[in-house]
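Scroll down for the structure; my scribbles are underneath it.
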Number of protein chains: 2
Amino acid sequence: MYICIVKLEQAIKSNKFKNDMHKASLNILYTAWWLKTQMSGVLKEFGLTHEQYNVLRILKGKYPEQVCVKDISCRMIEKSSNVPRIIDRLVVKKLVKRADSPVDKRETVTTLTQAGLAVLAASTENINQLMNEIVKVDASEAIQLNFLLERLRGTI
Amino acid sequence: MYICIVKLEQAIKSNKFKNDMHKASLNILYTAWWLKTQMSGVLKEFGLTHEQYNVLRILKGKYPEQVCVKDISCRMIEKSSNVPRIIDRLVVKKLVKRADSPVDKRETVTTLTQAGLAVLAASTENINQLMNEIVKVDASEAIQLNFLLERLRGTI
DNA sequence: TATTAATACATGTATATACACTTAAATTAT
DNA sequence: ATAATTTAAGTGTATATACATGTATTAATA
């Protein structure tokens, strides 16, 4: 899907917002969808979904350590992700391998394969390039944006 | 699911970001998930999903006009929503009614029922109250946030 | 120690996302 | 006027989301 670069009002064809906070909420939801869609375009070339990519990145962060499902889950951006099934699909593609945990028989542990490492490296390079192209804020604006998002969620 | 009020670093258990732009992207994705999850908690009491609520709001904006599927689709926050099927579920719940378009036989047009209007009014009141409680930015910060999000997407 | 509670993961269901494809109708081009 | 193209909506499939439930294992406690 081709995404026009348009302001929120044009994107959702409305300029009737209750107030600026309401508009900001919709703007966050729309911008997140916009970001995910742009990224999906790149990931698709590697046969990956956004969530599969997120799992691969988490495994990379711990590599070569084996990571159990709950440690992946709690690092996911979207906490309600069904990690066992995302891993299922990555196993089929041979990008990760799964084993029983030696310390806790309830756990299954997952690690990247060599193929997984390679696919992750290549896709990350393309994702970084995409980000440089589409994300039009400079460092000081990004810092400001991070501050305001934390403020919105009440953490600051 | 109970969502702790935590900074991004705690939420995804990482503080290794490529740069502030990268962190801002993840922060937007996480904040959007956080907002949707909070809202879903309220909407669930009305048997609505986030997307069904979005369709009802769009219909309200045009009420009592009948709206065709493509005019709903292009107003959705998430453009890839499958509007015919979302309408299917709203029809079953008798919150909207569907009819053939009198001007174009390809189109089907949808309007809110009295039940739909009532459910929308009640749920919107609760959503507005939730927003007042959880969104911790003031008007000037919201304006700044809207500016930065537009800037990120390159519209300003 | 025996019992109970909590945890980790898998599985099941309804809905949504993302996208391809089909069908019918309207538009346009020849 | 007929044919070709475009458009609108519906349908189909794979994956994800959100959440509930089941099952095995570990931890807690009586």
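Points to keep in mind about this one:
- The number of residues in the range B:75-94 that are within 14 Å of another protein chain (Cβ to nearest Cβ), near DNA strand C (Cβ under 7 Å from one of its atoms) and either part of a helix (DSSP H, G or I) or touching a Phe, Trp or Tyr at 6+ places or on another chain (Cβ under 6 Å) (or both) comes to 1.
- The lone criterion from (1) within 10 Å of DNA strand C (Cβ to nearest atom); (2) polar (S, T, N, Q); (3) within 14 Å of chain A (Cβ to nearest Cβ) left unmet by B:S25 is number (1).
- Tabulated pairs, the range A:101-123, first assigned to a strand (DSSP E or B), second among the polar types (S, T, N, Q) and more than 9 Å from DNA strand D (Cβ to nearest atom), C-beta under 6 angstrom, 6+ apart or interchain: A:V109/A:Q66; A:T111/A:Q66
- Residue check, B:I72 within 12 Å of chain A (Cβ to nearest Cβ), within 11 Å of DNA strand D (Cβ to nearest atom), in a helix (DSSP H, G or I) and closer than 27 Å to A:N27 by Cβ: yes
- If you filter the range B:20-41 down to residues that are away from DNA strand D (no atom under 13 Å from the Cβ) and in contact (Cβ under 8 Å) with a residue 24 or more places away in the chain, you find that the one that is surrounded by the most Cβ atoms within 10 Å (Cβ to Cβ) is B:A24.
- All positions within the range B:1-15 that are more than 7 Å from chain A (Cβ to nearest Cβ) and surrounded by fewer than 19 Cβ atoms within 10 Å (Cβ to Cβ): B:Y2, B:I3, B:C4, B:E9, B:Q10, B:N15
- Look at the range B:129-156: where a residue is in contact (Cβ under 8 Å) with a residue 60 or more places away in the chain and assigned to a helix (DSSP H, G or I) and a partner is buried (at least 17 other Cβ atoms within 10 Å of the Cβ) and not acidic (D, E), sitting 6+ places away or on another chain with Cβ atoms under 6 Å, you get B:L130/B:V42; B:I134/B:Q38; B:L149/A:N27; B:L149/A:T31; B:L152/A:V135; B:L152/A:V137.
- Test: residue in the range A:61-69 that is within 13 Å of DNA strand D (Cβ to nearest atom), assigned to a helix (DSSP H, G or I) and surrounded by fewer than 21 Cβ atoms within 10 Å (Cβ to Cβ): yes
- Among the residues of the range B:54-69, not a single one is closer than 30 Å to A:I72 by Cβ and of a type in the set (D, E, K, R).
- Residue check, A:E78 within 24 Å of B:I5 (Cβ to Cβ) and among the acidic types (D, E): yes
- Checked against (1) modelled with pLDDT under 95; (2) within 8 Å of chain A (Cβ to nearest Cβ); (3) more than 16 Å from DNA strand C (Cβ to nearest atom), B:L145 meets all criteria but (1).
- Comparison of A:V135, A:V119 shows that the only residue that is crowded, with 19+ Cβ neighbours inside 10 Å and within 9 Å of another protein chain (Cβ to nearest Cβ) is A:V135.
- Filtering the range B:42-58 to residues that are without any contact (Cβ under 8 Å) to a residue 60 or more places away in the chain and under 13 Å from the mean Cα position of the chain (by Cα) leaves B:T49, B:H50, B:E51, B:Q52, B:N54, B:V55, B:I58.
- Residue match in the range A:46-60 (condition: at the interface with chain B (Cβ under 7 Å from one of its Cβ atoms), outside any helix (DSSP H, G or I) and within 11 Å of DNA strand D (Cβ to nearest atom)): no
- Condition broken by B:Q52, with the remaining ones in (1) more than 8 Å from DNA strand C (Cβ to nearest atom); (2) closer than 27 Å to A:V6 by Cα satisfied: (1)
- Across the range B:94-130, the number of residues qualifying as more than 15 Å from DNA strand D (Cβ to nearest atom) and farther than 13 Å from B:Y53 by Cβ comes to 7.
The values are calculated or read from the model by the stated rules, or taken from the named source; none is laboratory data. Model, not experiment: these values are computed from the prediction. Positions of Cβ are backbone-derived with ideal geometry, glycine not excepted, and every protein chain shown enters the neighbour counts.
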